[in-house]
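S.K.: Got a structure here, written out as structure tokens. Questions coming.
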Amino acid sequence: MATRKLILNQEVDRLGAAGDVVEVKAGYARNLLIPRGWATPWTPGAQKQIDALRKARQSRQIADRDEALALKGKLESTTARIEMKAGKGGRLFGAVTPALVAEALATAVGGEFDRRQVALPGHVKTAGLHTATVRVHDEITANAKFEVVGKA
């Protein structure tokens, strides 16, 4: 099995964050990561750039961590509201997506959330109160409540 050493340009789910050096199978690198611009091949010269980026990111994370803790408190103390079409018994037409939750949280709390930061506890297809896990920071997650209201 041939592997390739790559530098991630952005966060890749279940692989790593931007700036991480990872080893993946050659086909995964050649067919997905490199063509989409998610990664670049590793070289010794690029390793120096990675070290500089990592150092800068760590210094930013210290300041970001305080903001993330404050945002976590806001998320856990408020309830976002999502309106969707529903039938009898509160059964929704379609399902609540992470993008809808991210948009509702941004409206309720302020700030910006990406759909990739939101993890739902399965398929949400009923009206009512639900909880989503939101990754606010690399090490900080918040349990955000959202209410799905069915409308006719």
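S.K.: What is the ratio of the Cα radius of gyration of the chain to 2.2 N^0.38 Å, with N the residue count, to two decimals?
M.R.: That ratio works out to 1.31.
S.K.: Under unit Cβ charges (Lys, Arg +1; Asp, Glu -1), what dipole magnitude, rounded to 20 debye, does the stretch 90-152 have relative to its Cα centre?
M.R.: The calculation lands at about 360 debye.
S.K.: Follow-up question, since we're still on this one. Where both partners of a DSSP beta bridge lie in the chain, what percent of those bridges are antiparallel, to the nearest 5?
M.R.: The antiparallel proportion sits near 75 percent.
S.K.: Filter the cross-link list 72/145; 74/125; 25/55; 125/151; 88/145; 85/125 down to pairs whose alpha-carbon distance in this structure exceeds 22 Å.
M.R.: 74/125; 25/55; 88/145, as the Cα separations exceed 22 Å there.
S.K.: Running a GNM on the chain with Cα contacts under 10 Å, which residue among 26, 102, 39 ends up with the highest mean-square fluctuation?
M.R.: Of 26, 102, 39, the most mobile in the Gaussian network model is 26.
S.K.: About the Cα centre of the chain, what is the dipole size in debye to 20, counting +1 per Lys and Arg Cβ and -1 per Asp and Glu Cβ, all else neutral?
M.R.: Values: 24 positive and 16 negative charges, 102 e Å.
Dipole of the chain, to the nearest 20 debye: 500 debye.
S.K.: Also, quick follow-up: Trypsin sites (Lys or Arg not before Pro) within the stretch 1-108: which are DSSP loop residues with at most 12 other Cβ atoms inside 10 Å?
M.R.: Within the stretch 1-108, the qualifying trypsin sites (Lys or Arg not before Pro) (loop, at most 12 other Cβ atoms within 10 Å) are 14, 36.
S.K.: Around residue 23, under 15 Å between beta carbons, what's the net of Lys plus Arg minus Asp minus Glu among the other residues? If you can, show how the numbers build up before the last one.
M.R.: On the way: positive: 4, 5, 14, 25, 30; negative: 20.
Local net charge: +4.
S.K.: According to the square roots a ≥ b ≥ c of the eigenvalues of the Cα gyration tensor, what is the shape class of the stretch 1-50, taking rounded for a/c under 1.5, prolate for a/b larger than b/c otherwise, and oblate for the remainder?
M.R.: oblate
S.K.: What residue among 122, 27, 106 has its Cα farthest toward the positive end of the dipole of the chain, where the charges are +1 on Lys, Arg and -1 on Asp, Glu, each on the Cβ?
M.R.: In the chain, that residue is 27.
S.K.: In degrees between 0 and 90, to the nearest 10, how far off the longest principal axis of the chain does helix 44-77 point, with axes built from Cα atoms?
M.R.: Once rounded, the angle reads 20 degrees.
S.K.: Which GluC sites (Glu not before Pro) in the stretch 62-149 pass both tests, a DSSP loop state and at most 12 other beta-carbon atoms within 10 Å?
M.R.: 112, 139
Readers should treat all values here as calculations from the given coordinates under stated rules, not as data from a laboratory. This structure is a prediction, so every number in the text was calculated from the model and none was measured. Backbone-built Cβ (ideal geometry, glycine too); neighbour counts: all protein chains shown.
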